[in-house]
Ligand code: PMP
């Protein structure tokens, strides 16, 4: 009997009752059943090993199977298996304090279970903040086309990728979208930085046209990740921050992907000098995916508004499992390891000495642009460099599937035009060895040259 159960769980089986996420982009994904993982690699039911070149869903910052993290979860579960954050528990207090010190200013943190919930929480805080500071008309949120901010209705409404919203619209009211700082396909001319600054101007124009008295917040990732690894000039981020301040609009920085070392800084926004977002949202790398946890950190001056004038001003928002003691203990251990093992420096060193070798593909006729920050790399695949038309779906599928055949999982995303998910994405665990990175570079290069 036991053997039969194991068979059922490890065999590649088209008849399983499990509903997979997103498998349209990888038609044979349903056949893969993982059974174990260590470092950057996982093993399937047939014993085949794969290097996870996208860190699961960009979350496995420390890779699979770290015993210290497993132990931290188990010890916490034995001590206090659950407790709601309507009151307090030690791991949540310690983690909130740690996050505040990492962000570099006084921040107060509300915990949830995912990136989507972290962003939903941010939207509610932003609207309530404006009501309680005498600006009840400020309810709109602005995000950029190509952005992904989550799957729940509010976070999906901030998400501005038509293929993610197709058949789920209309979204929640009050979410507006503006052009991203996408210099490769900008309507403007000039240097990349000049084009990006025009995108910032467009954002300011939108605030003015809508009326600044109606705009609550701008939500942005420092680097658009899921929308195709779009890396703006740091002046763009600084300009957006200035625009927000000028119009009393809160800046929500979505660090769900870029947080905890992925880009070669502890947080992506730290690449832009002088930036201190009003609200920072986190998930994924916060626990390296070992347990679910989302965090919404708000600057202390915003938090104070929720404490003043009695009962009615408190945040009427609650999450049963948000900030679960085991998840917080895992996050604390995860951050301790990131610091102890100098993971951020490691990402800087190896992204410049190893992953950078993928830039040798830039002369390939189908590689339009290569964009990289730390361990986050996108290859924009085109039919040719002049028309910049996205490479055919079938060829993109073939590249992803050939990499998989050779034991490497890579991602594909972007939505350059409707249906054109033509960005190949590489975002390996931050603990990947030099050999792992060589394997990624060799496999991706040789597959692209062979197809
Ligand atoms: N924000 C960003 C930038 C993301 O990439 C994601 C997930 N890919 C989310 C939010 C949503 O996170 P979750 O899937 O944990 O809800």
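Details
- Residue-span extension gain [residue 67 to residue 162] - 0.36 nm each, minus C-alpha spacing: 30.1 nm
- Order of 251, 379, 18 under a 10 Å beta carbon neighbour criterion, fewest first: 18, 251, 379
- DSSP beta bridges confined to the chain are antiparallel in about 65 percent of cases.
- Residues 320, 287, 43, arranged from fewest to most other Cβ atoms within 10 angstrom of their Cβ, appear as 320, 43, 287.
- Normalised contact order of the chain, rounded percent, pairs of Cα under 8 Å and 6 or more residues apart: 21 percent
- With neighbours defined as other Cβ atoms within 10 Å of a residue's Cβ, the residues 19, 58 order from fewest to most as 19, 58.
- Computing FRET efficiency as 1/(1 + (r/R0)^6) for residue 78 and residue 242, where r is the C-beta to C-beta distance and R0 is 51 Å, gives about 0.55.
Rule-based calculations on the coordinates, nothing more; no lab input. No experiment lies behind these values; they were computed from the predicted model shown. In this analysis, Cβ positions are derived from the backbone assuming ideal geometry, glycine residues included, and neighbour counts consider all displayed protein chains.
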